[in-house]
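The structure appears below as structure tokens.
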Amino acid sequence: MEAKLKELKAHLNDIFDLQGIAGILYWDQSTYMPKGGAPARARQMAIIQRIAHEKFIDPAIGQLLDDLQPYAESLPYEHDDAALIRVTRRMYEREIKVPTELTTAMSAHAAASYQAWTEARPANDFARMQPYLEKTLDFSRQLANCFPGYDHIADPLIDFRDYGMKAETVRAVFADLRAQTVPIVQAIMAQDPADDSCLRKHFPESQQIAFGLDVIRHFGYDFDRGRQDKTHHPFATKFSIGDVRITTRYKENFLGEGMFSTMHESGHAMYEQGLNPEYEGTLLARGTSSGVHESQSRLWENVVGRSRGFWEHFYPQLQAHFPDQLNDVPLDEFYRAINKVERSLIRTDADEVTYNLHVMLRFDFELALLEGNLTIADLPDAWNARFEADFGITPPDHKDGVLQDVHWFYSNIGGAFQGYTLGNVLSAQFYGAALAANPAIPDQIKQGEFGTLHEWLRTNIWQHGRKFTANELVERVTGQPLTIDPYIAYLKTKYGALYTLEV
Ligand code: ZN
């Protein structure tokens, strides 16, 4: 068994390294690569991904998994070897069910669609994207149908990113969340808007970078195993547990952009840096689901980074970086500005209270499109009507409406968005569990100390990687299944102090 396990790990290590190489190519493309490198880079990434896919569907891996099954069953569920065999089997079986021709056709289409979108979005040209989206929808259905036996056609696609979740479960969580969020939004919208002009002065980039790096160093992001570079759409990426990088972007006329995206990506990156080093080179060495991943980025960005306690410590330092811009702005005014709630067009710029409504809209459209209850041709009108109903504003154009998110234009339709809201919900649930175990955390945050929180997250969540599914992890860590209650309580407490709320 030991020899077979070693052989399995050697196979997986090759795949892990190929994925790391693909990650480096993507990182380079998104940060430093000159435009002229694009055609060759697309080929280079495609070949690496093809080799990784071929290596993974090698029947030798299936044979090793079969041979190792009795050994896995003889072990406790929590044993690392049992988890490795269990997770590898799950992902292997998923991979072999999708024909290579479909994967290849989908990636070629995705590359062409993404390229067209980069031009069509600024040109506000939905008509150009319609045939691409129709093909994407067709591919998405084909992909889902590689996994027959689902309850809802979106289930297999949701499963890719949030294993164990189904359209029905997500729909139920979202319905509840929506019912409790809308009255909060309406109560806030009836009041005077917060003034965030203090964030919209001129903030030189070099000072923003210095401050942001200092904050995430305090959070515990390890710069010996990471670095930060600039990009258009910030992301975190891992080449190995020893090299987990983040990217960010700055706006000199808006302080919120770079500061909070840096905190956000550091949350994703600390999760990957915090993996058990023993898992390196295996399929266990990754965050367990998109929802849990997002819970970590949101916890650091919002629950910590947009809290008043955090700024009691860091605001004087921020003022020292920007004395001319902020010395005459009191802490409370600044705190109100960074937590301004408003009806906005763009999901990625949305505040904590309205953000989930943006996600629900997209999730519902994914289901309707996959079900065949909505056509791509009708999507722009449906988008605007729903947006008007949910936010009270109509997008002035497609650019900031239906064309705004990259997801449908470079990947499949289905499963792309629910993780963001599950992440928001889980950020509060996990943080509540951390506080129950360590009531001193809020006081420590006021002192600029994050060691206890960092260590609690590392021990309870990060180190496990994919060993536990999201549902198992939530139960284990918080003692109950996913629940929206802590998140709603968090919103009511926080925004009840900022606005008058009687909901
Ligand atoms: Zn994120």
### Message
Being open to solvent by 50 Å² or more (accessible area, probe 1.4 Å), more than 14 Å from the ligand (Cβ to nearest atom) and closer than 27 Å to His407 by Cα is true for just one of Lys201, Lys230. Which residue is that?
### Response
Lys230
### Query
Any residue in segment 172-191 that is touching a helix residue (DSSP H, G or I) at 6+ places or on another chain (Cβ under 9 Å), of a type outside the set (S, T, N, Q) and assigned to a loop (DSSP other than H, G, I, E, B)?
no
### Task
Just give me the residues in segment 74-119 being more than 25 Å from Ala144 (Cα to Cα), among the charged types (D, E, K, R) and assigned to a helix (DSSP H, G or I), in sequence order.
Asp80, Asp81, Glu119
### Task
Report the residue count in segment 336-346 for those that are without any contact (Cβ under 8 Å) to a residue 60 or more places away in the chain and surrounded by fewer than 18 Cβ atoms within 10 Å (Cβ to Cβ).
2
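Quick check on Leu426: is it at pLDDT 95 or above, crowded, with 21+ Cβ neighbours inside 10 Å, touching a Leu at 6+ places or on another chain (Cβ under 8 Å) and under 29 Å from Arg171 (Cβ atoms)?
yes
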### Message
If the requirement is being surrounded by 18 or more Cβ atoms within 10 Å (Cβ to Cβ), at pLDDT 95 or above and within 16 Å of the ligand (Cβ to nearest atom), which of these qualifies: Phe450, Phe417?
### Response
Phe417
### Selection count, segment 280-312, where residues are open to solvent by less than 10 Å² (accessible area, probe 1.4 Å) and more than 14 Å from the ligand (Cβ to nearest atom)
6
### Task
Starting from segment 150-167, keep only residues that are of a type in the set (Val, Ile, Thr), then list their pairs with residues that are open to solvent by less than 10 Å² (accessible area, probe 1.4 Å) and in a helix (DSSP H, G or I) whose Cβ atoms are within a distance under 6 Å, requiring at least 6 positions of separation or different chains.
Ile153/Ala144; Ile153/Leu370
### Task
Report the residue count in segment 139-153 for those that are assigned to a loop (DSSP other than H, G, I, E, B) and either of a type in the set (Val, Ile, Thr) or within 15 Å of Ala105 (Cα to Cα) (or both).
2
### Query
Within segment 360-387, which residues are among the acidic types (Asp, Glu) and buried (at least 16 other Cβ atoms within 10 Å of the Cβ)?
Asp364, Glu366
### Long-range neighbours under 7 Å by Cβ, at least six apart or interchain, first residue touching a residue at least 12 places away in the same chain (Cβ under 8 Å) within segment 424-451, second among the basic types (Lys, Arg)
Asn424/Arg298; Ser427/Arg298
### Summary
Reported set for segment 57-115 where residues are over 23 Å from Gln142 (Cβ atoms), surrounded by 13 or more Cβ atoms within 10 Å (Cβ to Cβ) and aromatic (Phe, Trp, Tyr) is Tyr71
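Restricting attention to segment 268-279, which residues are hydrophobic (A, V, I, L, M, F, W, C) and either more than 11 Å from the ligand (Cβ to nearest atom) or surrounded by fewer than 22 Cβ atoms within 10 Å (Cβ to Cβ) (or both)? Let's see the steps before the verdict.
First, the residues of segment 268-279 that are hydrophobic (A, V, I, L, M, F, W, C): 269-270, 275.
Those that are hydrophobic (A, V, I, L, M, F, W, C) and either more than 11 Å from the ligand (Cβ to nearest atom) or surrounded by fewer than 22 Cβ atoms within 10 Å (Cβ to Cβ) (or both): Met270, Leu275.
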### Query
What helices (runs of 4 or more DSSP H) lie completely within segment 395-503 and have 2 or more residues being aliphatic (A, V, I, L, M) and either closer than 30 Å to Ser344 by Cα or outside the structural domain of Ala108 (by TED's automatic domain parsing) (or both)?
418-437, 441-446, 451-460, 470-478, 485-498
### Task
Answer with yes or no whether Phe235 is surrounded by fewer than 22 Cβ atoms within 10 Å (Cβ to Cβ), within 12 Å of the ligand (Cβ to nearest atom), in contact (Cβ under 8 Å) with a residue 24 or more places away in the chain and over 29 Å from Asp17 (Cβ atoms).
no
#### Entry: Residue ID - most open to solvent (accessible area, probe 1.4 Å), chosen from residues in segment 20-49 that are in contact with a Lys or Arg (Cβ under 9 Å, 6 or more places away or on another chain) and in a helix (DSSP H, G or I)
Tyr26
### Task
Write out, first by first residue and then by second, each pair whose Cβ atoms fall under 6 Å of each other, whose residues are 6+ apart or on separate chains, and whose first residue, in segment 287-300, is over 17 Å from Ser266 (Cβ atoms) while the second is within 11 Å of the ligand (Cβ to nearest atom) and not basic (Lys, Arg).
Ser290/Gly419; Gly291/Gly419; Gly291/Gly423
### Query
Somewhere in segment 141-161, is a residue charged (D, E, K, R), at pLDDT 95 or above and assigned by TED's automatic domain parsing to the domain that holds Asn13?
no
### Query
Mind checking whether some residue in segment 246-257 is open to solvent by less than 30 Å² (accessible area, probe 1.4 Å), in contact with a strand residue (DSSP E or B) (Cβ under 9 Å, 6 or more places away or on another chain), under 27 Å from Ile441 (Cα atoms) and not assigned by TED's automatic domain parsing to the domain that holds Leu18?
yes
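The values are calculated or read from the model by the stated rules, or taken from the named source; none is laboratory data. Only a predicted model underlies this, so the values are computations on that prediction, with no experimental measurement involved. Backbone-built Cβ (ideal geometry, glycine too); neighbour counts: all protein chains shown. The protein model used for the area step is the full one, side chains on, heavy atoms only, and it has no ligands, DNA or RNA in it. Shrake-Rupley method; radii C 1.70, N 1.55, O 1.52, S 1.80 Å.
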